[in-house]
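Visitor: Starting off with a structure, shown below.
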Amino acid sequence: MVNMASSCSLAVVNTYPLSSYTFGTKEPKMEKDTSVAARLARMKLNYMKEGMRTSVEGVLLVQEHNHPHILLLQIGNTFCKLPGGRLKPGENEVEGLKRKLTSKLAANSTGLQPDWQIGECAGVWWRPNFETIMYPYCPPHITKPKECKKLYVVHLSEREYFAVPKNLKLLAVPLFELYDNVQRYGPVISTIPQQLSRFQFNMIPA
């Protein structure tokens with residue numbers, strides 16, 4: 001029998017059990033915008049000053065029941081997002097993502113900082129206009145997109161301590177729940193299972 005995974009030379013991602021990680025809390029991290037309209041208005045203002053927004057987000061993988069799960073931050077009762085955010089003008093993408101992950105999920109103590117290993121770029125999304133809709137390509141008639149968002153696989157160590165802001169929840173969501181679930185998670189997060197299909201998951205037991 002042919003091992004399709006090895007014949008395709010898939011990149012390997014080690015995933016450790018959710019129980020390997022420790023979760024604590026830290027002071028609340030308030031959102032800069034109270035509504036989608038406010039967020040788009042701020043984006044427009046920043047665009048006028050700095051040009052196209054570049055943002056980076058991390059795909060943090062763990063496993064439960066021998067199936068990959070993605071760590072998502074939940075705001076309120078419904079809205080979920082990947083940890084990450086906007087880069088500073090000219091900031092390196094990998095270093096910027098490490099900064100954002102530390103801001104969102106690291107403890108204030110220097111001795112408990114996770115060892116962020118930023119891996120492969122899993123996907124690139126484009127925002128053509130100051131609207132919520134994004135595409136996994138830049139439409140041909142758009143010469144000045146308003147945002148470019150890149151998703152990177154973050155290779156977690158076997159044990160880490162995560163500090164979650166008190167006003168947020170950190171959820172481990174299985175790939176099968178994300179798949180094709182645009183209504184719940186939006187187009188970017190719901191297509192992560194397809195983006196990760198080029199990886200081979202190495203499920204490491206507890």
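Visitor: Of the conditions (1) touching a Phe, Trp or Tyr at 6+ places or on another chain (Cβ under 6 Å); (2) open to solvent by less than 40 Å² (accessible area, probe 1.4 Å); (3) free of Cβ contacts under 8 Å to residues at least 24 places away in the same chain, A38 clears all except one; give me its number.
Guide: So the condition that A38 fails would be (1).
Visitor: Please enumerate the residues belonging to segment 162-187 that are touching an Asp or Glu at 6+ places or on another chain (Cβ under 8 Å) and open to solvent by less than 60 Å² (accessible area, probe 1.4 Å).
Guide: If the condition is that a residue be touching an Asp or Glu at 6+ places or on another chain (Cβ under 8 Å) and open to solvent by less than 60 Å² (accessible area, probe 1.4 Å), then P165, A172, P174 are the ones that fit.
Visitor: Which pairs have Cβ atoms under 9 Å, sit 6 or more apart or on different chains, and link a residue in segment 190-206 that is in contact (Cβ under 8 Å) with a residue 24 or more places away in the chain to one that is of a type in the set (D, E) and assigned to a strand (DSSP E or B)?
Guide: R198/E120; F199/E120
Visitor: Please indicate, with yes or no, whether at least one residue in segment 109-116 is more than 18 Å from V13 (Cα to Cα) and surrounded by 13 or more Cβ atoms within 10 Å (Cβ to Cβ). Spell out the reasoning first.
Guide: Let us first name the residues in segment 109-116 that are more than 18 Å from V13 (Cα to Cα), namely 109-113.
Those still in the list that are surrounded by 13 or more Cβ atoms within 10 Å (Cβ to Cβ) too: 112-113.
Within segment 109-116, one or more residues are more than 18 Å from V13 (Cα to Cα) and surrounded by 13 or more Cβ atoms within 10 Å (Cβ to Cβ).
Visitor: May I pose another question? Could you grab me the full set of residues in segment 42-64 that are basic (K, R) and in a helix (DSSP H, G or I)?
Guide: Answer for segment 42-64, where residues must be basic (K, R) and in a helix (DSSP H, G or I): R42, K44, K49.
Visitor: Which of the residues belonging to segment 128-161 are open to solvent by less than 70 Å² (accessible area, probe 1.4 Å) and of a type in the set (A, V, I, L, M)?
Guide: Result: M134, I142, L151, V153, V154, L156.
Visitor: In segment 81-101, which residues are crowded, with 16+ Cβ neighbours inside 10 Å and either touching a residue at least 40 places away in the same chain (Cβ under 8 Å) or not in a loop (DSSP other than H, G, I, E, B) (or both)?
Guide: Result: K81, L82, G84, G85, R86, G96, L97, K98, R99, K100, L101.
The values are calculated or read from the model by the stated rules, or taken from the named source; none is laboratory data. Source: prediction; values computed, not measured. Counting neighbours? That spans all protein chains shown, and the Cβs are built from the backbone with ideal geometry, glycine included. Areas reflect the complete protein model, heavy atoms only, side chains present, ligands, DNA and RNA absent. Shrake-Rupley method; radii C 1.70, N 1.55, O 1.52, S 1.80 Å.
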